[in-house]
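Peer 1: Let me begin by handing over the structure; questions about it come next.
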Amino acid sequence: MQFISTRGQVPPVSFSTAVAQGLAPDAGLYLPEQLPDLSPYLKEWEQLSYAELCEAFFAIFATDIDRDALRGIVQRSYTKFDHEEIAPIVKLSDELFVLELFHGPTLAFKDFALQLLGNLYEAQIARTGNPISVLGATSGDTGAAAIHGLLGKQGVTTFILYPDGRISPLQERQMTCTGADNVFPLAIKGSFDDAQAAMKTVFEDREFAAEVGLSAVNSINLARILAQCVYYLSAFFRLPADVREQVTFVVPTGNFGNVLAGWLVQRMGVPIKGFRVATNQNDILHRLFQTGVYKLDAVAPSLAPSMDIQVASNFERFLYYSENCDSAKVREIIRTFKESGEYSFDDFKSDGFSSSRTDDAEIAEIIKRVYAQYDYIADPHTACGFAGEFDGPEIVLSTAHPAKFPDTIVDAIGEDSTHPSLEALKSREIVKHAVEPTPEAIKAFMRQHIVR
Ligand SMILES: *Cc1c(COP(=O)(O)O)cnc(C)c1O
């Protein structure tokens with residue numbers, strides 16, 4: 001199978017090239033040239049374990065990777081999860097379920113994709129002999145999940161920029177207490193935006209990028225989206241057969257990467273009823289689904305920090321399909337939005353999505369209510385999924401373990417939530433590197449520390 005860019009200005013590429021490049025050279029996002037129809041496989045797939053399902057699904061897309069190699073890559077990717085079902089479902093009532101996506105090494109759903117991406121990179125390096133350097137900027141979960149996906153991988157050196165003193169202490173420990181010698185957490189003076197701006201400038205230096213084999217791990221990488229498709233399939237199979245086609249998937253949303261994966265599974269012929277996009281107070285997507293206007297606003301830091309975003313990068317993939325695969329139209333919409341911070345759709349098709357918005361006061365209320373009603377502790381991101389009017393059976397995707405956000409949980413329910421892997425970190429040594437948030441300083445640090 002070949003992969004095309006949403007902006008339509010580069011030729012189709014193989015799976016491995018799409019994964020290695022991340023962003024397409026025309027600044028578009030990669031998508032499968034054609035979405036496969038999964039309906040003929042569903043009966044057979046229902047019996048598979050999580051890793052087997054993942055292998056069967058990826059085999060359709062990763063046609064340039066040998067099947068035995070693919071099996072190894074996938075098998076290795078789900079060995080560090082602390083639940084044998086990988087993505088278990090908890091039943092809160094006959095009509096309310098939770099899909100727990102926090103059993104990976106950093107206790108957030110991003111592990112599903114980044115564990116796999118680390119192994120895909122490793123296999124690619126083994127094949128080509130070209131080492132790579134990963135550079136990312138993080139305000140929390142992505143950096144931790146990337147570091148744990150890439151630590152110890154042969155030929156990969158990872159550099160993650162984060163704003164010193166502005167991420168949660170536990171998230172900092174997840175990044176800085178690994179003991180791995182191919183991973184460098186770079187604490188910069190400044191904000192997340194400063195970190196991201198510096199990172200972008202480094203990527204624009206083509207010569208440097210080629211010299212160090214620079215690669216990105218943000219959620220624009222298609223492999224991350226495809227890895228996330230698998231838990232929607234797995235959840236669909238594990239829901240009670242008599243309700244599964246009536247269940248709405250409720251997804252705490254920031255960059256639109258998680259919910260987009262589910263929506264693609266639906267488009268591939270799996271009879272999922274629909275999706276609710278659950279935002280926090282940074283509600284650009286909720287406003288879009290309610291009004292048809294995509295309009296930029298300032299980011300207001302919230303209790304659900306991993307959903308504090310302005311521009312949902314993966315929205316462009318949805319746009320491509322909702323504009324009937326018209327790349328010229330996608331380019332025009334993106335250009336207008338970039339120039340004016342706003343785009344109004346004439347007849348916006350919400351296409352299987354509903355939406356809800358939850359502010360910080362409601363997040364605390366919901367954590368309290370869900371605990372009282374179901375004896376279940378929801379993390380602040382997951383809490384956004386429990387908002388809104390009840391409209392038939394729902395499965396809420398739980399994107400992080402509550403123990404990652406102890407202060408919010410204690411404030412809401414008066415009790416602590418803990419996790420052994422986080423407790424273990426507290427006695428470990430923090431190793432971080434102070435670097436100026438300038439492209440020159442970052443490049444100099446990288447040149448000095450790349451592991452060959
Ligand atoms: C990243 C993240 C989200 C948002 O996911 P998107 O794919 O960006 O929509 C939600 N919750 C948690 C805990 C996250 O880490």
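The values are calculated or read from the model by the stated rules, or taken from the named source; none is laboratory data. Bear in mind the structure is a predicted one, so any value in this text is a computation, not a measurement. Glycine gets a Cβ as well: all are built from the backbone with ideal geometry, and neighbour counts include every protein chain shown. Side chains are part of the model used for accessible areas, which takes the heavy atoms of the whole protein and leaves out ligands, DNA and RNA. Shrake-Rupley method; radii C 1.70, N 1.55, O 1.52, S 1.80 Å.
Peer 1: For the stretch 40-111, report the accessible area per residue in Å² (1.4 Å probe, heavy atoms, rounded to an integer).
Peer 2: 44
Peer 1: Can you give me the Cα centroid spacing of the stretch 339-395 and the stretch 195-248 in angstrom?
Peer 2: Centre-to-centre distance over Cα atoms comes out at 22 Å.
Peer 1: Amide H of Leu214: which non-local residues (sequence gap of 5 or more, or other chain) have their own amide H closer than 5 Å, using H built in the peptide plane?
Peer 2: Amide H to amide H, under 5 Å and 5 or more residues apart or across chains, Leu214 pairs with Ser133.
Peer 1: Could you tally the net charge around Leu425, taking each other residue with its Cβ under 13 Å from the Cβ of Leu425, Lys/Arg +1 and Asp/Glu -1? Walk me through the numbers before you get to the answer.
Peer 2: On the way: positive: Arg173, Lys404, Lys426, Arg428; negative: Glu172, Glu423, Glu429.
Net charge around Leu425: +1.
Peer 1: What whole-number volume per residue, in cubic angstrom, does the convex hull of the C-alpha atoms of the stretch 198-265 give? Before the final figure, lay out the partial values.
Peer 2: On the way: hull volume 6.4 nm³, N = 68.
Taking only Cα atoms, the stretch 198-265 has a hull volume of 94 Å³ per residue.
Peer 1: Which percent, nearest 5, of DSSP beta bridges in the chain are antiparallel?
Peer 2: Numbers: 13 of 48 bridges.
Counting DSSP beta bridges with both partners in the chain, the antiparallel share is about 25 percent.
Peer 1: Taking only the alpha carbons of the stretch 297-342, what extent do you get along each of the three principal axes, in Å, biggest first?
Peer 2: If we take the Cα atoms of the stretch 297-342, the spans are 38, 21, 10 Å.
Peer 1: For the chain, give the percent of accessible area contributed by carbon and sulfur heavy atoms, probe 1.4 Å, rounded to a whole number.
Peer 2: Ligands and nucleic acids excluded, carbon and sulfur give 48 percent.
Peer 1: What's the whole-number percent of alpha carbon pairs in the chain lying beyond 42 angstrom? Show your work: numbers first, answer last.
Peer 2: Working: 8925 of 101926 pairs.
More than 42 Å apart: 9 percent of the Cα pairs in the chain.
Peer 1: Please express the shape of the stretch 96-138 as an equivalent ellipsoid: the semi-axes are the square roots of 5 times the eigenvalues of the C-alpha gyration tensor, given largest first in whole angstrom.
Peer 2: Details: eigenvalues 164, 31, 8 Å².
Rounded to whole Å, the semi-axes are 29, 12, 7.
Peer 1: Computed from the mean reciprocal separation of all distinct C-alpha pairs, what Kirkwood hydrodynamic radius does the stretch 374-434 have, in Å?
Peer 2: Details: mean 1/r = 0.0726 Å⁻¹.
After inverting the mean inverse Cα-Cα distance, the result is 13.8 Å.
Peer 1: What is the sum of charges around Gln266, taking Lys and Arg as +1, Asp and Glu as -1, for the other residues whose C-beta is under 15 Å from the C-beta of Gln266?
Peer 2: +3
Peer 1: Across the stretch 286-291, in residue order, what do the Karplus-derived ³J(HN,Hα) couplings come to in whole Hz, using 6.51 cos²θ - 1.76 cosθ + 1.60 with θ = phi - 60° and x for Gly and Pro?
Peer 2: Couplings: 4, 5, 4, 5, 7, 10 Hz.
Peer 1: Got a sec to turn the phi values of the stretch 105-118 into Karplus ³J(HN,Hα) couplings, 6.51 cos²θ - 1.76 cosθ + 1.60 with θ = phi - 60°, whole Hz, x for Gly and Pro?
Peer 2: x, 10, 6, 9, 5, 4, 4, 4, 8, 7, 4, 5, 4, x
Peer 1: Also, I was wondering about something else. Apply the Karplus curve 6.51 cos²θ - 1.76 cosθ + 1.60, θ = phi - 60°, to the phi angles in the stretch 39-51 and return the couplings in whole Hz, x for Gly and Pro.
Peer 2: After applying 6.51 cos²θ - 1.76 cosθ + 1.60, I find 4, x, 8, 4, 4, 5, 6, 4, 8, 7, 6, 4, 5 Hz.
Peer 1: Could you tally the net charge around Leu70, taking each other residue with its Cβ under 12 Å from the Cβ of Leu70, Lys/Arg +1 and Asp/Glu -1?
Peer 2: Numbers: positive: Arg67, Arg71, Arg76; negative: Glu52, Glu55, Asp64, Asp66, Asp68.
Around Leu70, the charge tally is -2.
Peer 1: So what is the accessible area of the stretch 196-304 per residue, in Å², with the probe set to 1.4 Å?
Peer 2: For the stretch 196-304, the per-residue accessible area is 32 Å².
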